[in-house]
Amino acid sequence: MWHTAVKEDMSVDSTPSPDKKSTRFGVIYVVLFLAIFGALDYGYYLIRGTVVEHMLIDTLTVRPAAALINAVVPAVSARASGHSLLTPFGQINIFEGCEGSDGMFLLIAAVLPFPARRLSKLVGVIGGVSLMYAMNQLRIVAIVLSLRWHRDWFASLHGLIAPTCIVVAGCIFFFAWANAVAPRVNA
């Protein structure tokens, strides 16, 4: 477990090997990431069907999405009704997971165990959650607009293209944030 080097004067250096340190850090980081993500996801599961879930989906996701759609394309006349976005050409139902919580939880779980100062972590969490929220709102707008002009795009946008773009944006954000706040080692 310990890297041992014999120096010229025959003393022993028993400092941990850099490879062992980075492996240990990686394992601890992954375990903490999974634990945090699991706890957040389980916590969200526990609020299903409660006032809190209705606030998160109906008030913080569906209503702003309807307002954004109407601001971008007023002719669409989107209307929020509970978990649903209603338009003259179709209805979109927003359920748990469709409000962007998974992307937010992934970013929170990535930021919190990262070795950075608390203020940097707070900035990372707030910035990451804000990005995931904005990306998810754009996803909802794209899906609704696809119902109007390119109905055949709906399934691909909903299940593959938009979620992939959200995950990629989250990864880019995390790597940029981590690079900005990572402790520097003078070589």
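Under a 10 Å cutoff between Cα atoms, tell me which one of SER81, SER22, SER130 has the largest fluctuation in the Gaussian network model of the chain.
Top of the fluctuation ranking is SER22.
Using packing as a proxy for protection, rank 136-142, 63-69, 44-50, 161-167 so that the peptide with the highest average count of other Cβ atoms within 10 Å comes first.
For the peptides 136-142, 63-69, 44-50, 161-167, the packing ranking is 136-142, 63-69, 161-167, 44-50.
If r is the Cβ-Cβ distance from TRP153 to SER130 and R0 is 30 Å, what FRET efficiency results, to the nearest 0.05?
Efficiency at R0 = 30 Å is approximately 0.65.
Suppose every Lys and Arg Cβ carries +1 and every Asp and Glu Cβ carries -1, with no other charges. What dipole size does the chain come out with about its Cα centre, to the nearest 20 debye?
Dipole size: approximately 320 debye.
Subtract the Cα-Cα distance of PHE95 and VAL123 from 0.36 nm times their separation in residues, and report this length gain in nm to one decimal.
Stretched fully, the PHE95-VAL123 segment lengthens by 7.3 nm.
Sort out for me the Cα centre separation of the stretch 16-53 from the stretch 135-187, rounded to whole Å.
Cα centroid to Cα centroid, the span is 21 Å.
Any idea how far apart ALA71 and VAL168 come out in nm if each label point goes 7 Å out from Cα toward Cβ?
Using points 7 Å along Cα→Cβ, the separation is 2.5 nm.
Just to be sure I understand the model, the point goes 7 Å from the Cα along the line to the Cβ. What's the resulting VAL27 to ALA178 distance in nm?
Each label point is offset 7 Å from its Cα along the Cβ direction, giving 1.9 nm.
Read-outs throughout are calculated quantities, based only on the coordinates presented, and are distinct from any laboratory measurement. All values reported here derive from a predicted model rather than from experimental measurement. Backbone-built Cβ (ideal geometry, glycine too); neighbour counts: all protein chains shown.
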